[in-house]
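Here's the structure we're looking at; comments come further down.
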Amino acid sequence: MSVPAFDLDQHIDVAAVEDIPEGEGRRYEIDGQAIAIFRDKGVLYAVSDTCTHEEYSLSDGDVWEHTVECPKHGARFDLVTGEALSLPATVSIEPYRLEVRDGRIYVATLADRYREPCPECHTSAAER
Ligand code: FES
């Protein structure tokens with residue numbers, strides 16, 4: 001699977017890399033969506049900030065092994081895929097594409113994600 005080239009026009013400058021302490025997360029609003037950026041062992045991840053169990057913010061959750069644990073009831077999510085790894089959550093969170101340029105964190109906008117074809121049917125979101 002090829003990775004789309006970085007296009008600054010389709011990314012939003014969200015924060016400085018140093019704004020995200022090791023082992024922690026921070027909450028931001030992008031295109032009206034709450035996202036959380038986490039740092040785990042020096043690697044940055046961007047996912048939707050809302051737990052799919054009872055819509056609690058994940059940005060204050062404990063981070064380890066590229067997962068975050070919801071502070072409210074303890075569901076864990078994979079920060080790479082967004083997959084719900086433990087109960088009580090059963091629905092995944094959304095992962096976002098993230099790029100670091102010159103010490104700044106850029107997150108793909110929803111418009112960018114919509115342009116990407118479905119990996120199964122190869123149609124754009126507009127065609128589905
Ligand atoms: S609100 Fe996150 S596990 Fe319940």
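A quick yes/no check of all residues on (1) among the charged types (D, E, K, R); (2) part of a strand (DSSP E or B); (3) surrounded by 14 or more Cβ atoms within 10 Å (Cβ to Cβ):
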{"residue": "39", "(1), (2), (3)": "yes, yes, yes"}
{"residue": "44", "(1), (2), (3)": "no, yes, yes"}
{"residue": "55", "(1), (2), (3)": "yes, no, no"}
{"residue": "60", "(1), (2), (3)": "yes, no, yes"}
{"residue": "63", "(1), (2), (3)": "no, yes, yes"}
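Scanning the stretch 100-110 for residues that are over 11 Å from the mean Cα position of the chain (by Cα) and either free of Cβ contacts under 8 Å to residues at least 12 places away in the same chain or not in a loop (DSSP other than H, G, I, E, B) (or both) yields 100, 101, 102, 104, 105, 106, 110. If you scan the stretch 50-91, which residues turn out to be more than 9 Å from the ligand (Cβ to nearest atom), more than 19 Å from residue 40 (Cβ to Cβ) and not polar (S, T, N, Q)? Scanning the stretch 50-91 gives a single hit, 91.
Here the condition is being of a type outside the set (Val, Ile, Thr), in a loop (DSSP other than H, G, I, E, B) and in contact (Cβ under 8 Å) with a residue 40 or more places away in the chain; of 74, 23, it holds for 23 alone. Restricting attention to the stretch 77-99, the residues being buried (at least 19 other Cβ atoms within 10 Å of the Cβ) and either free of Cβ contacts under 8 Å to residues at least 40 places away in the same chain or at positive phi (or both) number 3. Scanning the stretch 71-119 for residues that are touching a Lys or Arg at 6+ places or on another chain (Cβ under 6 Å), of a type outside the set (S, T, N, Q) and at pLDDT 90 or above gives a single hit, 85. Residues in the stretch 77-99 that are among the hydroxyl-bearing types (Ser, Thr, Tyr) and not in a loop (DSSP other than H, G, I, E, B): 1 in all.
Filtered by the rule that a residue be within 21 Å of residue 16 (Cα to Cα) and under 15 Å from the mean Cα position of the chain (by Cα), the stretch 40-56 gives 40, 43, 44, 45, 46, 47, 48, 49.
The values are calculated or read from the model by the stated rules, or taken from the named source; none is laboratory data. All values derive from a computational prediction rather than experimental measurement. Positions of Cβ are backbone-derived with ideal geometry, glycine not excepted, and every protein chain shown enters the neighbour counts.
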